[in-house]
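The structure under discussion is supplied below as structure tokens; questions concerning it will follow.
The values are calculated or read from the model by the stated rules, or taken from the named source; none is laboratory data. Note that the structure is a prediction, hence the values are computed from the model and not measured. Note: ideal-geometry Cβ built from the backbone for every residue, glycine included; neighbour counts use all protein chains shown. Please note that ligands, DNA and RNA were not included when accessible areas were found on the heavy atoms of the full protein model with its side chains. Shrake-Rupley method; radii C 1.70, N 1.55, O 1.52, S 1.80 Å.
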Amino acid sequence: MNDEILDRLLNARKFEPANDNLAYRIITKAKNRSWMNDQVSIWDLVKGFLSPKQAFAMAIALIVGLYVGGMLTQSATADSEYQVSSFLEINGDPL
Amino acid sequence: MATELQKLTDEELMELILNRNDNAFAELVTRHVKQFYSIAYRTLFDKNDAEDAVQEGFLKLWDKPTMWNPNKETKFTTWFYKIVINQCYDNNKKKRPLNLNDTMEVADESIDVETSIEDKAKIQAVEVYFRKLPKSQRTAVNLCFYQGLSNNEAADVMGLKLKALQSLLMRAKTTLKEKLHKF
């Protein structure tokens, strides 16, 4: 076999067909990674302002705040329901 | 936006990617994915592994675009061939060694339909023996024949001097000719 024939045979198979979805998959993964990196940067930003102890204290304060807030809202709702039912008992239903 | 990006060169797209422009990244991937998949497939001989290598190569580029040095006078494709080929070698190290039976199975889906049966047989024989060549010779043949790079570009991708690359090609062709003497 001479060089010319071998070159022709080697050139005969140029490209393997790639999966059509490959580009889409790569682009999607890269975009998802950007989103995750953004989340990390927000955390880095928080870490920049607060020490771990301060962050822990803030998290506890937030949980306690939400709990107390929830209790107060519940109690205010119960109060207003009681006031409405008392009003209806005394004055009758205006409708 | 997409058509504007299509007019840009690879190197201009890389400048945008350095500024985290994901549309530029998408354009670069769409433009070159088949070309790099092709070299990955011809290095690993497995579709899934080749897809993984190309994907990991592009994601490395996206995660760390500063790997690309715009001041170096290298074409993007020449530079990225190095990334993909090294990724293939790394992935291959982690895997089991190639089973000889795998290498004997040569799909002929990419051979032109109009190629004669005799030529198809010859091309498949070339492929079988090509897969048995040493790694560096295979890479040299891949770059120069299948990817159509010039000898200078291929030498650059492989980090070799031109003479060393020519020697690899010569040895690969001599081996193939010896093996295929009956044709």
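Relative contact order for chain B using alpha-carbon pairs under 8 Å, separation at least 6, rounded to a whole percent? Intermediate results must be reported in sequence, preceding the final value.
Details: 132 pairs, mean separation 35.6, N = 183.
Across chain B, relative contact order equals 19 percent.
While we're looking at this one, here's another question. Hey, what angle do you get for helix B:162-179 against the long axis of chain B, alpha-carbon based, 0 to 90 degrees rounded to 10?
With rounding to tens, the tilt is 30 degrees.
Quote the accessible area belonging to B:Asp52 in square angstrom, nearest 10, computed with a 1.4 Å probe and with ligands, DNA and RNA left uncounted.
Rounded to the nearest 10, the figure is 70 Å².
If you don't mind, another one. Give the angle, between 0 and 90 degrees and rounded to the nearest 10, that separates the Cα long axis of helix B:117-130 from the longest principal axis of the Cα atoms of chain B.
Taking Cα atoms only, the helix is inclined about 70 degrees.
Checking the a/c ratio against 1.5 first, then a/b against b/c, what shape does the Cα gyration tensor give for chain B?
prolate
With springs only between Cα atoms under 10 Å, which of B:Lys72, B:Lys120, B:Lys161 fluctuates most in a Gaussian network model of chain B?
Of the options given, B:Lys72 has the highest mean-square fluctuation.
Below 25 Å, Cα to Cα, which lysines can B:Lys120 reach? Residues fewer than 8 away in the same chain don't count.
Once the sequence-local lysines are set aside, what remains near B:Lys120 is A:Lys14, B:Lys34, B:Lys47, B:Lys132, B:Lys135, B:Lys173, B:Lys177, B:Lys179, B:Lys182.
Keeping every protein chain in place, order A:Ile60, A:Ile90 by accessible area at 1.4 Å, biggest value first, i.e. largest first.
Most to least solvent-accessible, the answer reads A:Ile90, A:Ile60.
Right, next: Can you find, among B:Ser136, B:Val29, B:Thr3, the residue sitting farthest towards the positive end of the charge dipole of chain B, where Lys and Arg contribute +1 and Asp and Glu -1 at Cβ?
B:Ser136
With a 1.4 Å probe and every protein chain left in place, tell me how much accessible area B:Arg171 has, in Å² to the nearest 10.
Around 120 Å² of this residue is reachable by solvent.
Please name whichever of B:Ile39, B:Ala53, B:Asn151 sits farthest to the positive end of the charge dipole of chain B, dipole taken about the Cα centre and charges placed at Cβ: Lys and Arg +1, Asp and Glu -1.
Projecting each Cα onto the dipole axis, the largest value belongs to B:Asn151.
Run the accessible area of chain B with a 1.4 Å probe and give the carbon-and-sulfur part as a rounded percent.
49
In addition: Any chance you could give the angle, 0 to 90 degrees and rounded to 10, that helix B:22-44 forms with the longest Cα principal axis of chain B?
Helix B:22-44 and the main axis of chain B meet at about 20 degrees.
Follow-up. Only four residue types carry charge here, +1 at the Cβ of Lys and Arg and -1 at the Cβ of Asp and Glu. Report the dipole size of chain B about the Cα centre in Debye, rounded to the nearest 20. All intermediate terms of the calculation are to be shown ahead of the outcome.
Working: 28 positive and 27 negative charges, 222 e Å.
Dipole magnitude for chain B comes out near 1060 debye.
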